[in-house]
Each structure stands twice: as C-alpha cells, then as structure tokens.
Amino acid sequence: MNLLTKTGYYYLAISFFLFLTGGIVFYLYISSLLDEEINEQLDIAKKRTLSYVREYHALPATSTLDSYTLTFIPVTYSVQESVIDTLLLSPLLDEQLPYRRIIFPVDISGSHYAAIMHQPLIEKDDLLQAILKSLAWSTLILVVIMFFVSRWLSYTLWKPFNKTLHQLKGAGIQDTPHFPPIPITEFNALHEELNRLFQRIQTQYKSLKEFSENASHELQTPLAIIRNNLESFLQYESLTTVERTKVRETYESTNRLSRILQSLLLLSKIENLQFVNVHALPMRDLLDAGMRPFKEILAFKNLTVELHAKPDTMIHMDPYLAEVMLSNLLGNAFRHCPNDGTVRVECSDHTLTISNSGPPLDIPAERLFDRFAKGNVSIESTGLGLALVKQISDLNNFQLTYSYQSGYHKFVVLF
Amino acid sequence: MKILLIEDEVQLAQTIISCLQQEGYVCEWAKTLDEAEEKIYIYAYDCALIDLTLPGGSGLQLLELLKQGHPETGIIIISAKNSLDDKIKGLDLGADDYMTKPFHLAELNSRIKSLIRRRKFGGNQEIVFSEICILPDEQVVTVHDNRVVLTKKEYDLLLFFISNKNRVLTKEAIAEHLWGDHSDMLDSFDFIYSHIKNLRKKLEEKGAMDYIQTVYGAGYKFSLR
C-alpha cells in the first residue's frame, strides 16, 4: 500500500469520527437551544397576557393564526401552572405534530380562568436528518479534495524521494552515486546518511582490494625466492640423485603453493566484485580461443572433440572471467578424459554443455564445486578450478549443474 | 650486454644476478627508486628489469625516465602484482614485457634474450648452436643448411632450450614457457616428454647431434656433450 493512501485512510477514519461526534454534539446543542427558545417565547407570551389582564382587567383577544394559540377556559378553582409536551392533530396537515403546552391561571376580579397556550416544536427527526445530510455532504467533499491533494502531494513532495530511489537502484561498487543536499530536512538527512554509507562501503571495498593485492605481493615474493633458489640448486651437477629428488619435490610443492595462492586470490577478487565489465561476447570465438592452448594435448591424448556451437550466440559477462571459466571447464574435461576418449562441447542459445567420457567420480557429486574437493588425486591440480567456475557462474547468475550419464561427465551452464 | 636490475628483495636480486652473470651479462643492481634513478641518469643499459613496488615509490615512474633518456633500453617489468590494470598500465607506458612473480629464471633469461635480439638486431640475428641455426625473424630452423619443419610449439621449445643452454630446465618451466597460464591444466608430464621426443627426432633426422639430456629427477638440459 502506498504511504499516501495509508495516511489518507487514517485521515478519513479520524475525520469520520470527528464528524460523528461533532454531529451528536451539534444536535444536542441545537435541540437544547430550540427548547430554551420555545420556553422563552411561551414565557413572554404569558407575561404579556398577564400584564394585559392587569392593565385592562379583561381577557385579551385570542388568535389561532399566531404561531402560538391562546385560549381561556373558565374554571372554578385556580389551576396550577404546568408545562408539558404533547401531540396535537393538525387539521391542515392531517397529522399529529408536537407542541409544547403551558397552562397558567388568570384571575380577573374573582373569576378564575385557565390560560392554555400551544407552541409548535420542530420535529426532532427533521433536525437529525438535516444534520446528517450536511455531514454526509461535507465528508464526501473532503474525500474528493483529499484524493486530489494527495495526488498532487505525491507528485511534488515525494519527487526528491523517488529520485533518490531511482539513483539507488542503479548504484554499484564501481559507480557510487552522490546524493546532493536538498531543502527538505528528512530527505536531506537520508541523503547525508546514504552518502556516508556509500563512502564507508567504498573505503571497505578499497581496503579489501588492497589487502588481496598486498597479500599477493607479500606472499609471492618469498615464494619467488624459494623457487628461484631451488631452481639454481637443480643446476648443481654434484648433487646426488637423492638430493636432487628432494630438491625437486620441494620445488614442485612450491609451484603448487604458488598456483593455489593465485587461484585463491582470484576467487577473493571475484568475491570482491572486481570484475564487472560486462560485455556481450560471441560464444563461438570464446570457445575457439579457449580450445587453442589444448591443441597439442588433444593430439597427444588422442581425444575426439565434437564441437557444435551455434553461431551468433552471445554471453554477457566480464571478458577475463569468461576466459577463466571456459579455460577451467575445458581444461577439466580434457584433463579427466582418459586417452582415446571423447569430449563434447555444445553451445546453443543460453546453454553451454561440456561433457567428457570417463569413469564415475570418486567423490560425491554435490561436493564437486567445493574448494579443494579433488577426485583422483593429482599433484598438479589445485582443487580450485571448478570452485572458480562455480563462483563465476554465481556472480553472473548463471546456473551450473553437473550430472553423470551413460559414461559421460556433463557440465551444463545456463546463461 | 649490460642489464640493470631494480629490485628491493635482496635474496631474489642475488639469485637473479648470479643467473644473469652465468649467462655472461654484466648486471647492476639498484635497491631503491633513488638508486635506480641515479644509475639511469649516469649509465646506459641494454635491458632494465623493474620491480613495481619499491621503497620510495612505484617502478612505473622509472619507465618514463628510461623512455626519455634511453629509448633504446628494453624494459621488462617484474612484479608480484598479478593485476591486469598494472600490466596494461606498464605496457602502455612503454614496457616491453611483464612478468609476474614467481617466475622461472629460465623464463626470465629467455625473455631477456629475445628482447635484446629484437631491440639490437631487429630480430635478424641468426642464433647458431653448432650445426643448428635459427632465423628468429622467419622462425626457420636449419641443420647443416637443411630446413627442419617444426610445429610452433616445437620451435618455441628449441629456442627456449638454446636460450638456456647448459641450464637444467624443469618440466614446469618448459610447460609454463610453452603454454603460459594454461600450463597447470596440462598435468601430464608425459606430454612434455613427447614434445621433446618429437623435437629430438626431427633434429636427428637432419643429422643434428642429440643435445637434449635428461637430468634424472630434475628435468632436461641442452648442451654439448
């Protein structure tokens, strides 16, 4: 629900309540006012009658055309003064109408009279109806006005907010937006906080990036020293076979360490979103380029490669990551395919399938994309290649699946 | 041939220097940015190896200095930063090559040789190792003036061997030289062996001696017996 609709509902509920209580109070107040007014009228008429009688010692002329009617009835005793409300049949309208009747004693030189006076009352139903009608009209008018006012408000007042929202939607690590100051206090506070937040994100991102680069530098340099020294060591002709083998083993481990380090750094760089130059890349060219370095090993292992790539299929991702992903997927297939085996590479719109023949996995399939999950242990493998592929697919919202069907390991990337 | 090494890690520098001296280069060493600037002002070098992270600033600053003062000097950046940005920046500023630490000494040696060949002789210099002759410009190999038909990789392998003659080359160094970053995808060392076997066979067919020796437990060595 829109914020303005919501506040609109609240306003409506409150104004409904206010109008209702207001109406009741209004009704009670008006009716008591009318009541008093009628009593006053009757009192004045009574006083006028009595003063007439006192002055002229005769009854005044009675009239039925006045708003009130005055009649005198001769009585034998002096009556008590009384005021009551009663219904009288109106001969003109042929219905019973409410009247207030006052009876008071009039004495003229020993004769007693009862003066009876009627004053018509306003019908309470009519009053109530009138009040309700006027209230209903004002509520209706209020709703209509509020509707247009809220439309107008949402357009003008919330305009800067919507602009901010739009800016936020396009924001990323690479292009952090700047929110300018605006005269509205709340929005300005929001802008200031957002600017601070983005600045903090930027700083953290930078320090993380620096850390991985420093880690790379600080670790690769000692590794370079170890490796170069071992390489120089291997040059000595005086080494015994045992010594040379030991040096060689150490050298191999150093190589592996260096490669693992590089892959881990690449993984963390991908996690830090340092590769976000998304381009549309022709899949066929990528596959051709990815295949090229393996040309000799294909011939050596006598592998059959069936490549079916639909021309014009494009993939949207960072070019460097595309290269890493395909190189790892293809390398994985070629490496694990036994001699004289078959590797199939198929690419159509949004689907890349790379499968190779080979014996079933010796690790659970769901662990395949984990870091350091290695099958038939080979010293050369870092155990990070498929984890890299997984990370790259996740980054680009690709779907990566593995299955083993009729002697083929099959990797499918939905892009 | 004079080479200037600008590197702040003492041990790494010493290994590189001793390797280059074995190859017959005169090697000078600068540890800091200031030392390097001083040497660049005073002397001329055939090749400069520049580390990017130096005490006193980035090695990239030296590139401009070299380009202005000695445009004939070949420049190889050696950096621990495997960052694409740095690589592009370095090459844009006029470096001829970029190597990421850790690198194989044999690889460094082969790149220096190829750089000096390109710079000094425009790639036209013949490389001769007894009866084997290589014309780098045309990528042609002859034995006793008979042309040997090699694949691209076999040619690269031979050139790598001759550039590093009398050095033991590990299979890793060979694989990395031939296949670069993809070398860790080809864990089959039999594969390297088969390449070497093919090269050996093709050279012997044309009457060359077998100069490729297997050093047990270490790798291969190209040398006169």
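Within segment A:179-190, not a single residue is in a helix (DSSP H, G or I), under 17 Å from A:Lys169 (Cα atoms), at pLDDT 90 or above and not hydrophobic (A, V, I, L, M, F, W, C).
Residue by residue, here is whether (1) crowded, with 18+ Cβ neighbours inside 10 Å; (2) more than 30 Å from A:Leu168 (Cβ to Cβ); (3) facing chain B (nearest Cβ under 9 Å); (4) out of contact with any helix residue (DSSP H, G or I) (no Cβ under 9 Å at 6 or more places or on another chain) holds:
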{"residue": "A:Leu208", "(1), (2), (3), (4)": "no, no, no, no"}
{"residue": "A:Thr221", "(1), (2), (3), (4)": "yes, yes, yes, no"}
{"residue": "A:Ser238", "(1), (2), (3), (4)": "no, yes, no, yes"}
{"residue": "A:Val242", "(1), (2), (3), (4)": "no, yes, yes, yes"}
{"residue": "A:Arg248", "(1), (2), (3), (4)": "yes, yes, yes, no"}
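Taking segment B:211-225, which residues are part of a loop (DSSP other than H, G, I, E, B) and touching a strand residue (DSSP E or B) at 6+ places or on another chain (Cβ under 9 Å)? Scanning segment B:211-225 gives B:Tyr211, B:Ala218, B:Ser223, B:Leu224, B:Arg225. Identification of helices (runs of 4 or more DSSP H) wholly contained in segment B:118-210 with 2 or more residues that are loosely packed, with under 14 Cβ neighbours inside 10 Å yields B:189-205. Could you please let me know if A:Ser32 is over 27 Å from A:Asp126 (Cα atoms) and among the polar types (S, T, N, Q)? Here the answer is no, as A:Ser32 does not meet what is asked.
Is one or more of the residues making up segment B:20-32 out of contact with any Asp or Glu (no Cβ under 9 Å at 6 or more places or on another chain), within 14 Å of chain A (Cβ to nearest Cβ), of a type in the set (A, V, I, L, M) and farther than 23 Å from A:Leu219 by Cα? Yes, segment B:20-32 contains a residue that is out of contact with any Asp or Glu (no Cβ under 9 Å at 6 or more places or on another chain), within 14 Å of chain A (Cβ to nearest Cβ), of a type in the set (A, V, I, L, M) and farther than 23 Å from A:Leu219 by Cα. Here the condition is being assigned to a helix (DSSP H, G or I), among the β-branched types (Val, Ile, Thr) and without any contact (Cβ under 8 Å) to a residue 12 or more places away in the chain; of A:Thr49, A:Thr62, A:Thr21, it holds for A:Thr21 alone. Among the residues of segment A:1-18, which ones are in contact (Cβ under 8 Å) with a residue 12 or more places away in the chain and not in a helix (DSSP H, G or I)? Correct list: A:Asn2 only. Restricting attention to segment A:250-276, the residues that are in a helix (DSSP H, G or I), of a type outside the set (S, T, N, Q) and more than 8 Å from chain B (Cβ to nearest Cβ) total 10. Taking segment B:104-125 as the range and being under 10 Å from the mean Cα position of the chain (by Cα) and not aliphatic (A, V, I, L, M) as the test, the residues that pass are B:His104, B:Glu107, B:Asn109, B:Ser110, B:Arg111, B:Lys113, B:Ser114. Using the structure shown, decide if A:Val247 is assigned to a loop (DSSP other than H, G, I, E, B) and either among the charged types (D, E, K, R) or out of contact with any Ser or Thr (no Cβ under 6 Å at 6 or more places or on another chain) (or both). Answer is no for this residue.
Selection of segment B:74-97 for residues being crowded, with 19+ Cβ neighbours inside 10 Å and either within 14 Å of another protein chain (Cβ to nearest Cβ) or among the basic types (Lys, Arg) (or both) yields B:Ile77, B:Ile78, B:Ser79, B:Ala80, B:Lys81, B:Asn82, B:Ser83, B:Asp86. Applying the selection to segment B:143-167, what residues are more than 9 Å from chain A (Cβ to nearest Cβ) and among the hydroxyl-bearing types (Ser, Thr, Tyr)? Of everything in segment B:143-167, those that are more than 9 Å from chain A (Cβ to nearest Cβ) and among the hydroxyl-bearing types (Ser, Thr, Tyr) turn out to be B:Tyr155, B:Ser163.
Mind checking whether some residue in segment A:332-339 is surrounded by fewer than 17 Cβ atoms within 10 Å (Cβ to Cβ) and either at pLDDT 90 or above or assigned by TED's automatic domain parsing to the domain that holds A:Leu298 (or both)? Yes, there is a match, as at least one residue in segment A:332-339 is surrounded by fewer than 17 Cβ atoms within 10 Å (Cβ to Cβ) and either at pLDDT 90 or above or assigned by TED's automatic domain parsing to the domain that holds A:Leu298 (or both). On the stretch given as segment A:76-103, residues that are without any contact (Cβ under 8 Å) to a residue 12 or more places away in the chain and either on the phi > 0 side of the Ramachandran plot or surrounded by 12 or more Cβ atoms within 10 Å (Cβ to Cβ) (or both) total 2. One residue stands out among those in segment B:192-225 that are of a type in the set (D, E, K, R) and in contact with a Leu (Cβ under 8 Å, 6 or more places away or on another chain): the one that is farthest from the other protein chains (Cβ to nearest Cβ), which is B:Asp210.
Here A:His316 clears all of (1) more than 24 Å from B:Asp156 (Cβ to Cβ); (2) at pLDDT 90 or above; (3) not in a strand (DSSP E or B) except the condition numbered (3). Within segment A:12-64, the residues that satisfy the criterion of being hydrophobic (A, V, I, L, M, F, W, C), in contact with a helix residue (DSSP H, G or I) (Cβ under 9 Å, 6 or more places away or on another chain) and closer than 15 Å to A:Ala115 by Cβ are A:Ala58, A:Leu59. Residues that are away from chain A (no Cβ under 12 Å) and either among the hydrophobic types (A, V, I, L, M, F, W, C) or within 30 Å of A:Glu323 (Cα to Cα) (or both) do occur in segment B:168-179, at least one of them.
Among the residues of segment B:19-52, those identified as under 19 Å from A:Ile225 (Cβ atoms), modelled with pLDDT of 90 or more and either aliphatic (A, V, I, L, M) or surrounded by fewer than 15 Cβ atoms within 10 Å (Cβ to Cβ) (or both) are B:Leu20, B:Gln21, B:Ala30, B:Thr32, B:Leu49, B:Ile50. Restricting attention to segment B:13-38, the residues that are assigned to a helix (DSSP H, G or I), in contact with a helix residue (DSSP H, G or I) (Cβ under 7 Å, 6 or more places away or on another chain) and of a type in the set (D, E, K, R) total 1. Candidates A:Glu231, A:Glu213: the one that is among the acidic types (Asp, Glu), at pLDDT below 85 and assigned to a helix (DSSP H, G or I) is A:Glu213.
The values are calculated or read from the model by the stated rules, or taken from the named source; none is laboratory data. Every value quoted in this text rests on a predicted model; they were computed, and no experiment measured them. When we count neighbours, we look across all protein chains shown, and the Cβ atoms used for this are built from the backbone with ideal geometry, even at glycine.
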